[in-house]
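Reading through the structure tokens given below for one structure.
The values are calculated or read from the model by the stated rules, or taken from the named source; none is laboratory data. Computed from a predicted structure; not experimentally measured. What goes into the accessible areas is simple: the full protein's heavy atoms, side chains included, and nothing from ligands, DNA or RNA. Shrake-Rupley method; radii C 1.70, N 1.55, O 1.52, S 1.80 Å.
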Amino acid sequence: MVGGGPAGCTAATILARRGWSVTLFEKDRHPRFHIGESLLPMNLPILQRLGVLDAVERIGTRKVGADFPASTPEGYNVFRFERALDATWPHAFQVRRDEFDAMLFENACSSGVQALQGHRVSSIELKGDGVTVSGATGAGTAFLCTARYLVDATGRDTLLGSKLGIKRKNTRHQSAALFAHFRGVTRRPGPDAGNISIYRFEHGWVWLIPLRDGITSVGAVCWPDYLRQRRTDNREFLLQTLRSIPALSERMEQAEIVGNLHATGNYSYACVRMAGRRWIMAGDSYAFVDPIFSSGVYLAMHAAEAAAGVVDGSLRNPSLERSLQRRYAGEIERGLRTLSWFIYRFTSPAMRKLFGNPRNDLQLEQAMISMLAGDVYRDNGVHWRLTAFKLIYFLTALGEIKAQVRSYFFRREQARAAFNGGTTGQDSA
Ligand SMILES: Cc1cc2nc3c(=O)[nH]c(=O)nc-3n(C[C@H](O)[C@H](O)[C@H](O)COP(=O)(O)OP(=O)(O)OC[C@H]3O[C@@H](n4cnc5c(N)ncnc54)[C@H](O)[C@@H]3O)c2cc1C
């Protein structure tokens, strides 16, 4: 197992509990900073199966929904998870990833995983009957390990994807994020105090994630053209960007940055394959989609559970490996496709309209909330409703285009009339 984040720790814990000897290599040392602090309700059953749900509750802030901009008196709409089609898990948690990941890592250790921190894997040799990985510790000591199966859970480092040359950047969806922890950000009232807030602005979008002890994670995901205009340092640029959004700037009047400011590329990518003979990828090591719906950690842990099933099944019965991997790939792709469709249209005028004025005919709004909760893998009535929503989206988009075309011709006619009127006036003078 390479990578000791949510995906690696989840897969390692499950495999060790099923009796396999698991070695996990993590290049850093926990606790270490990581981005990705807002979890989804569908994370909770996985955390429960791992036996860490109580621990997450202790370190987390309760999140009962997500709010998005709308033309309501408050200026936003809350999508509460209790209104999902299946509301068995009506909330999620916001967590500091240094604490969350360290806890998952310890849980893996206590489940029997040989988990080695400060071990960076730099080389992988895939053989027909297994794999050899090698690398060096932080102190420079070389190590080498041979195993019957490799799970690549190296996140955005995409160790195997890069080595095999099968990682493809999504050139249409590139952005970068600037983010920091703040103290003194005003929270939403009552039970909504722990919700994530999303703000749109002309050049991207902003998240606001309430954490414990009065800390709020605030980050701006910015399109590349906007970042290129930057004339100040990252800190001032982030503050300027946040100030440019009136509804957000109100909540941040008393806010101050605590600790370091972070910057990261945020581009989307996917690998051409996610599994092969005796290897499999889980989490960001395979694909990354824009984090606007806070789906990354859930997708990673869901994939890791499924990947552990593939490894376990393939080692017990090698003739099943290809069919298990095919089923795995189908499921992972399905979840990514469902979320990506909404994510990459999120800033379009039609989606703004539909998110700003949600309607629950045929329980479509509830299906959207289920999707926001991460319920994208089951056949429980979510998928056909999301398909119906897509149809409405296309009709709305068509309506928007028609309105724009009409307004263009109207303005042109007006300009022409004004011009003709002016010309006539001059002629008669
Ligand atoms: C700007 C931004 C905001 C985000 N916000 C959210 C959010 O609110 N909610 C959410 O759910 N997700 C969010 N995400 C996504 C989230 O961060 C990831 O999807 C999630 O962490 C994936 O988990 P993972 O285990 O696959 O990878 P990671 O969490 O990245 O873990 C990979 C681990 O592998 C280790 N590693 C890497 N290379 C090696 C190597 N060669 N040898 C040994 N170890 C190695 C790393 O040190 C790391 O610990 C966000 C992402 C970005 C970029």
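What are the equivalent ellipsoid semi-axes of region 148-236, built from the alpha-carbon gyration tensor (square roots of five times its eigenvalues), in whole angstrom, biggest first?
31, 21, 12
Stokes-Einstein D for region 177-217 at 20 °C, 1.002 mPa s, Kirkwood Rh over Cα pairs, in µm²/s? Let's see the in-between values first.
Values: Rh = 11.0 Å.
It diffuses with D of about 195 µm²/s by this estimate.
For the chain, modelled as a GNM whose springs connect Cα atoms under 10 angstrom apart, the maximal fluctuation among VAL376, VAL151, VAL272 occurs at VAL272.
Based on the Kirkwood radius over alpha-carbon pairs, what is the Stokes-Einstein translational diffusion coefficient of region 65-212 at 20 °C with 1.002 mPa s viscosity, in µm²/s? Translational D for this selection: 107 µm²/s. For region 119-179, the extents of the C-alpha atoms along the principal axes are 39, 32, 15 Å, listed from largest to smallest. Cα axis of helix 382-428 to longest principal axis of the chain: angle in degrees, 0 to 90, nearest 10? Between the helix axis and the principal axis of the chain, the angle is about 30 degrees.
Per residue, the solvent-accessible area of the chain (1.4 Å probe, heavy atoms of protein chains only, all protein chains present) comes to 46 Å². Using bins of 10 Å that start at zero, the share of Cα-Cα pairs per bin across region 231-338 amounts to 12, 32, 21, 17, 12, 6, 0, in whole %.
Ignoring aspartates and glutamates fewer than eight residues from LYS63 along the same chain, the ones with Cα atoms less than 18 angstrom from its Cα are GLU37, ASP54, GLU82, ASP86, GLU99, ASP192, ASP213, ASP375. Amide H contacts of HIS34: ARG97, ASP98, each under 5 Å away and 5 or more positions distant or on a separate chain (H built 1.01 Å from N in the peptide plane; Pro and chain starts excluded). GNM remark for the chain: springs join alpha carbons under 10 Å apart, and the peak mean-square fluctuation among ASN360, ASN77, ASN107 falls on ASN360. Divided by 2.2 N^0.38 Å, where N counts the residues, the Cα radius of gyration of the chain comes to 1.10.
Report summary: the helix-based calculation at 222 nm, which adds -39500 (n - 2.57) for every DSSP H run with n ≥ 4 and divides by the residues of the chain, gives -13000 deg cm²/dmol. Calculate log10 I(q)/I(0) of region 287-429 for q = 0.09, 0.13, 0.14 Å⁻¹, where I(q) comes from the Debye formula with a single equal point scatterer on each Cα and nothing for solvent. Debye output, listed in q order: -0.47, -0.72, -0.79. If each Cα of region 50-117 is one equal point scatterer, what is log10 of I(q)/I(0) from the Debye formula at q = 0.12, 0.15, 0.18 Å⁻¹? Evaluating at q = 0.12, 0.15, 0.18 Å⁻¹ gives log10 I(q)/I(0) of -0.48, -0.66, -0.80. Couplings 3J(HN,Hα) of region 141-154, computed from phi: 7, 6, 9, 8, 9, 10, 9, 7, 8, 10, 10, 8, 10, 8 Hz, in residue order, whole Hz [Karplus 6.51 cos²θ - 1.76 cosθ + 1.60, θ = phi - 60°; x for Gly and Pro]. In degrees, nearest 10, range 0 to 90: what is the angle between the Cα axis of helix 6-17 and the longest Cα principal axis of the chain? The answer is roughly 30 degrees.
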